[in-house]
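One structure is given here, and the rest of the page talks about it.
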Amino acid sequence: MRSGNLFAAALLLASSTLVAQSFSSSQDYMDSEGAPGISHTAVAPPVAVPRPRPFSKVAFGGGTSLLGIQLALTTNLSQHFNLRSTGNVFGYSTNFTTSGIGADAHLNMKSAGTALDIYPFHKGFRVSPGLLFYNGNRITANASVAAGTSFMLNGQTYYSANANLATGTTPVNGNALLNLHTTNPAFTITTGWGNTVPQKGHWSFPFELGVAMIGAPSLHVNLGGWACYDQAQSLCTDISSKTDPIAIEIQNNLSAQVAKWTRDIEPLKTYPIASFGVAYSFGLRTN
């Protein structure tokens, strides 16, 4: 009797399992084939957009900046990073007078640097730390004071002597050099808009603002010739003399005047950077 009960229970369990499997198979079939009168459209899996490989794109650009006429070469590192190198050059000549001293000046700007362009939001906004690894920016000038005219050094007025072949006197003359590269290489930091290696298209119009930490400018001024205490030129001296009291006074006042000029241009130690340009990019290889 007990064996009969066990046999009946086993048969019931097997039947229940068979029914469950049959129901599951039928449900799967209905899901795959669809109920009568109802159409099902299979959803395609999303297609992954291939990302450009590092150094697979390059951009050439040009523009203007406070460092001069600029040329730039950029390549991609990833979606968030580009590597950009720039070169700047500019020259300009002018004449001006300060404290009665005339100057024929020439601005000579030459620099080159590299920066890491960081795009934190996958958009055009970027932050770019970098280095100005070459900086030859400077101003040179030839100075002169017309004979018989006055000039001032550190608040003291002097007069340029007349030329006299017999005594060897000559008007005041000299030269100056302003260096804008005390710290070399110099750290740079800029921010701006525009990805010169865009994922779509070829053209871009980037601009940026920032600073270069070039160090305090250094100014050197040398004066020669003859200078006088009075316009009548009754008391004159060779400025280069190491023993004449008037010449020593002039040199001391010159040093004090140069120190004042140097303090006036000290803010240029944080040199401003502002640029705008255009760039064209293209691929070097397929992904």
**Request:** State all residues of region 255-272 that are of a type outside the set (Asp, Glu) and in a helix (DSSP H, G or I); if no residue qualifies, say none.
**Result:** 255, 256, 257, 258, 259, 260, 261, 262, 263, 267, 268, 269
**Request:** Please indicate, with yes or no, whether at least one residue in region 157-173 is within 39 Å of the chain's Cα centre (by Cα) and either within 16 Å of residue 239 (Cα to Cα) or open to solvent by 60 Å² or more (accessible area, probe 1.4 Å) (or both).
**Result:** yes
**Complete:** The residue from 209, 235, 219 that alone is within 30 Å of residue 149 (Cβ to Cβ) and modelled with pLDDT of 95 or more is 219
**Hits in region 232-287 - residues which are of a type in the set (Asp, Glu) and over 36 Å from the mean Cα position of the chain (by Cα)** = 238, 244, 249
**Fill in**
(1) open to solvent by 30 Å² or more (accessible area, probe 1.4 Å); (2) among the polar types (S, T, N, Q); (3) under 28 Å from residue 90 (Cα atoms); (4) in contact with a Gly (Cβ under 9 Å, 6 or more places away or on another chain) all hold for residue 140 apart from (4)
**Complete:** Scanning region 223-255 residue by residue, the ones that are of a type outside the set (Asp, Glu) and surrounded by fewer than 14 Cβ atoms within 10 Å (Cβ to Cβ) total 9
**Complete:** Among the residues of region 159-182, the number that are hydrophobic (A, V, I, L, M, F, W, C) and closer than 30 Å to residue 111 by Cα is 4
**Prompt:** Residues 99, 93: which one is among the polar types (S, T, N, Q), within 30 Å of residue 160 (Cβ to Cβ), touching a strand residue (DSSP E or B) at 6+ places or on another chain (Cβ under 6 Å) and modelled with pLDDT under 95?
**Reply:** 99
**Asked** Identify, please: which residue in region 174-222 is open to solvent by 50 Å² or more (accessible area, probe 1.4 Å) and of a type in the set (Ser, Thr, Tyr) and is, among those, farthest from residue 56 (Cα to Cα)?
**Response** 182
**Request:** Check 153, 178 and return the single one that is more than 35 Å from the chain's Cα centre (by Cα) and under 30 Å from residue 268 (Cα atoms).
**Result:** 153
**Request:** Provide a single number: the residues in region 58-71 that are in a strand (DSSP E or B), touching a residue at least 60 places away in the same chain (Cβ under 8 Å) and open to solvent by 40 Å² or more (accessible area, probe 1.4 Å).
**Result:** 2
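Matching residues to (1) among the aliphatic types (A, V, I, L, M); (2) under 30 Å from residue 79 (Cα atoms):
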residue	(1), (2)
195	no, yes
201	no, yes
208	no, yes
212	yes, yes
217	no, no
235	yes, no
260	no, no
272	no, yes
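The values are calculated or read from the model by the stated rules, or taken from the named source; none is laboratory data. The shown structure was predicted, so the numbers you read here are calculated from the model rather than taken from an experiment. Please note: Cβ atoms are built from the backbone with ideal geometry, for glycine as well, and neighbour counts cover all protein chains shown. Areas reflect the complete protein model, heavy atoms only, side chains present, ligands, DNA and RNA absent. Shrake-Rupley method; radii C 1.70, N 1.55, O 1.52, S 1.80 Å.
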